[in-house]
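One structure below.
Readers should treat all values here as calculations from the given coordinates under stated rules, not as data from a laboratory. Bear in mind that the values here come from a model prediction, so they are computed numbers and not experimental data. Cβ: placed from backbone, ideal geometry, glycine included. Neighbour counts: every protein chain shown.
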Amino acid sequence: PEAPLLLVPSKSTVNGLPVLLYQTNHAGSRIMVSISDSHIRDALNMPLRGVAYSLLVGNRRLGQSGDVLTAAHSNNDVLTVKDVDYAFAIQFNAPPLFSLTRLFDQAGGVVLFLLLVSSLSAYLLQRYLSKDISPEESLRTAIYRNEIIPYYQPVVSGKEGTLRGVEVLARWKHPQSGFISPSSFIPLAEKTGLIIPLTQSLMRQAATQMNAISTLLPEGFHVGINFSASHIVASTFFEECLNYKRSFVQQDLNLVVEVTEREPLHVDEHLVKTLNGLHNKGFAIALDDFGTGYSGLSYLQDLHIDYIKIDQSFVARVNANEDSTLILDSVLELAKKLSIRIVAEGVETQEQLDYLMRNNITFLQGYFFYKPVPFKELIKILLSKPKVKVRVE
Ligand code: C2E
Ligand code: CA
Ligand code: CA
């Protein structure tokens, strides 16, 4: 035949092997080149899993094995790539992904399984993303991510207006909601027991920060931390406090343990032993929110209380009206009779200050002097004061 390219089956060749025949005319002669099937099969043998190639010339086909066959009618799943210069083509079966029918025929089970798995994971992912993480869970995460940070409210001496110390107040630096006030997460922390890791984290941070500015702090400078009753009664509390004290570079600071009276305080032998033990180890014990609790007063005689913190609700009532100080007068009198030093909280006005000064209350805390500030602000405040290292009484 005249065709330039021919696939010749084995039965037509001398050695009984199929060949590809190429023929061309040159200078009045015919040149014929035969290419052995093994060379062609080598070229067709591409290591692509599940795909079989064959060489197509006219209506004949040579696959990766066997003799030259008459090409079957190609169906949808067989793809053909034709050469532009020579009359041959490469045929190959479409990989399953190119053909849906083949995909389902050959791997129906797997497809179904994949569909189920992906729908399930999409559903779970959707639920996870939209699910409301419980407030407890987000608080727990916040504690371990150090998002609960200490703010410091200076305690001043009313007479000289000098700084006597600071109270550590927790703030939640929430990545989305900004700063969250402790009144909205301390009750949750107390209910869930997270108050212990929360307070421990604040103790660590406060000690680290105070150590960084130890040269600015006079001897006897107060550093107060609020402790919840559930933490104080924990068996580890006493040891934790001792470790906390040891972690300070400066050993002459006045570490204050603030115990709130707001929740009923079960004053039993264990509590008395713990708090008096800490007092003997050099801690100062402050009774917070004095006058608001229901704990009774008898324990004031069993406990070594160093300071009483007059609740801001009493201070807030003070105005020009004489009656406004009736309750506060008696609270102060009681504290004086017990010879316990007093810190007044929530001082906001000159009037309140005047009243407190008349009553010789010298430890004062309130917006009139300073709001709770972040550590950087505290440094600025300390730097703006003369750096005299005097003992704070
Ligand atoms: P607290 O111990 O009685 O702390 C004093 C609160 O009064 C602070 O509120 C302070 O910002 C606020 N305050 C100070 N001066 C003034 C003032 O002049 N006017 C008014 N209106 N308020 C003033 P804060 O920081 O919101 O804390 C609220 C309470 O949350 C604290 O009351 C304390 O009981 C509790 N708390 C804060 N941090 C901690 C903590 O680390 N542990 C525990 N257990 N409780 C904490
Ligand atoms: Ca307090
Ligand atoms: Ca208080």
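Quick notes on this structure:
- Candidate lysines - alpha carbon under 16 Å from Lys173, same-chain residues fewer than 8 apart omitted: Lys376
- Pairwise FRET efficiency - Phe238 versus Arg341, Cβ, R0 = 30 Å, nearest 0.05: 0.80
- Selection among Tyr244, Val257, Leu198 by position relative to the dipole of segment 198-292 gives Tyr244 as farthest towards the positive end (Cβ unit charges, Cα centre).
- The chain - charge dipole about Cα centre, Lys and Arg +1 at Cβ, Asp and Glu -1, debye rounded to 20: 1380 debye
- Value at 222 nm in deg cm²/dmol, rounded to 500, when DSSP H runs of n ≥ 4 in the chain each add -39,500 (n - 2.57): -11000 deg cm²/dmol
- For a straight C-alpha distance cut-off of 20 angstrom, the lysines reachable from Lys336 (same-chain residues fewer than eight places away being disregarded) are Lys159, Lys309.
- Using 0.36 nm per residue and subtracting the Cα-Cα separation, the extra length available between Gln251 and Lys159 on full extension is 30.4 nm.
- Gyration tensor (alpha-carbon) shape descriptor, segment 5-93, a/c threshold 1.5: prolate
- Gyration tensor verdict on segment 135-383 (Cα atoms; rounded if a/c is under 1.5, prolate if a/b is larger than b/c, oblate otherwise): rounded
- Peptides ranked, highest mean first, by Cβ atoms within 10 Å: ranges 212-221, 300-309: 300-309, 212-221
- Across segment 107-123, coupling constants 3J(HN,Hα) worked out from phi with the 6.51/-1.76/1.60 Karplus curve, θ = phi - 60°, read 9, x, x, 5, 4, 4, 4, 4, 4, 4, 4, 6, 5, 5, 5, 4, 5 Hz, and Gly and Pro carry x.
- By definition, a body whose alpha carbon gyration tensor gives a ≥ b ≥ c is oblate when a/c is 1.5 or more and a/b is not larger than b/c, and segment 278-393 fits this oblate description.
- Between the beta carbons of Leu79 and Arg30, assuming R0 = 35 Å, the FRET efficiency works out to 0.55 to the nearest 0.05.
- Subtracting the Cα-Cα distance of Leu100 and Asp132 from 0.36 nm times their residue separation leaves 7.5 nm of extension gain.
- Of all beta bridges that DSSP places with both ends in the chain, some 65 percent have antiparallel geometry.
- Per-peptide packing, taken as the mean over residues of other Cβ atoms within 10 Å, places 174-180, 152-158 in the sequence 152-158, 174-180 from highest down.
- Contour excess over end-to-end distance, with Cα ends at Leu120 and Ser313 and 0.36 nm allotted per residue: 63.9 nm
- Over the chain, relative contact order from alpha-carbon pairs under 8 Å, at least 6 apart, %: 11 percent
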